[in-house]
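Engineer: Below you will find the structure I want to go over with you.
Any read-out appearing in this document is the output of simple, stated calculations on the displayed coordinates, not a laboratory observation. Source: prediction; values computed, not measured. Please note: Cβ atoms are built from the backbone with ideal geometry, for glycine as well, and neighbour counts cover all protein chains shown.
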Amino acid sequence: MSAIAWLLGPILVVSAAIASLFVAEDATHFNVFRGTIAVMLVVALVGLCSILELTAARRMTRHK
């Protein structure tokens, strides 16, 4: 199994759980909705990591 599959597997599981709250799993557009939610989760995760990195860098420069 590739590293991308290890990283995206849990995100797809979470996005499927979220998508099933809004769309029936046997609907024809369920996979499109799940993919859209997965992209939003990845964007949110990258944004959160960048904000945490930025605040950590600012904290380190303040204490010097």
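Engineer: Out of the residues in region 32-64 that are closer than 22 Å to Ile4 by Cβ and among the hydroxyl-bearing types (Ser, Thr, Tyr), state the one that is surrounded by the most Cβ atoms within 10 Å (Cβ to Cβ).
Structural biologist: Thr36
Engineer: What's the total number of residues in region 6-64 that are among the basic types (Lys, Arg) and in contact with a helix residue (DSSP H, G or I) (Cβ under 9 Å, 6 or more places away or on another chain)? Let's see the steps before the verdict.
Structural biologist: Just the residues of region 6-64 that are among the basic types (Lys, Arg), to begin with: 34, 58-59, 62, 64.
When the remaining residues are screened for being in contact with a helix residue (DSSP H, G or I) (Cβ under 9 Å, 6 or more places away or on another chain), the result is 34.
Residues that pass the stated criteria total 1.
Engineer: Can I ask one more? So if I check each of Ala5, Ala16, which one is aliphatic (A, V, I, L, M), assigned to a helix (DSSP H, G or I) and in contact (Cβ under 8 Å) with a residue 12 or more places away in the chain?
Structural biologist: Numbers: Ala5 fails: in contact (Cβ under 8 Å) with a residue 12 or more places away in the chain.
After ruling out the rest, the residue left standing is Ala16.
Engineer: For region 19-31, which residues satisfy the criterion of being exposed (fewer than 12 other Cβ atoms within 10 Å of the Cβ) and in a helix (DSSP H, G or I)?
Structural biologist: Of everything in region 19-31, those that are exposed (fewer than 12 other Cβ atoms within 10 Å of the Cβ) and in a helix (DSSP H, G or I) turn out to be Leu21, Phe22.
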